[in-house]
Amino acid sequence: MKFLWETLILLLAIIVVFTVIYRYLELWTWVESLYSSVMITTLVGKAQPQQNATKLLMAFQALISFIIAGQLVVFFASTKTTKGAAA
């Protein structure tokens with residue numbers, strides 16, 4: 001359970017950090033920056049950056065989010081398997 005909370009806090013931190021970066025790099029409003037960060041983190045990927053640096057950061061954010069999402073899938077799969085084996 002600790003792993004789950006740590007991972008969710010990590011995802012929230014990623015959203016917050018990249019929201020601030022997008023806010024100042026693209027000069028978007030806080031809402032636009034938060035929206036874009038959440039879309040990239042949840043792998044929906046709907047954002048229209050103008051700066052090349054922002055495009056690279058969004059690719060990096062998507063890659064990190066994909067890896068973390070994979071870890072969550074493995075966590076839930078192993079939790080279900082462990083509970084099923086104990087029954």
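For the reader, a short list of remarks on this structure follows.
- Scanning region 19-43 for residues that are in contact with a helix residue (DSSP H, G or I) (Cβ under 8 Å, 6 or more places away or on another chain) and within 21 Å of Gly70 (Cβ to Cβ) yields Ser37, Val38, Ile40, Thr41, Thr42, Leu43.
- Of all residues making up region 26-77, the number that are part of a loop (DSSP other than H, G, I, E, B) and among the hydroxyl-bearing types (Ser, Thr, Tyr): 2
- Taken together, Thr54, Thr81 contain a single residue that is exposed (fewer than 11 other Cβ atoms within 10 Å of the Cβ), more than 11 Å from the chain's Cα centre (by Cα) and among the hydroxyl-bearing types (Ser, Thr, Tyr), which is Thr81.
Bear in mind that the values in this text are calculations on the coordinates, not laboratory data. Quantities reported herein were computed from a predicted structural model and do not represent experimental measurements. As a convention, Cβ positions derive from the backbone with ideal geometry for all residues, glycine included, and neighbour counts pool all protein chains shown.
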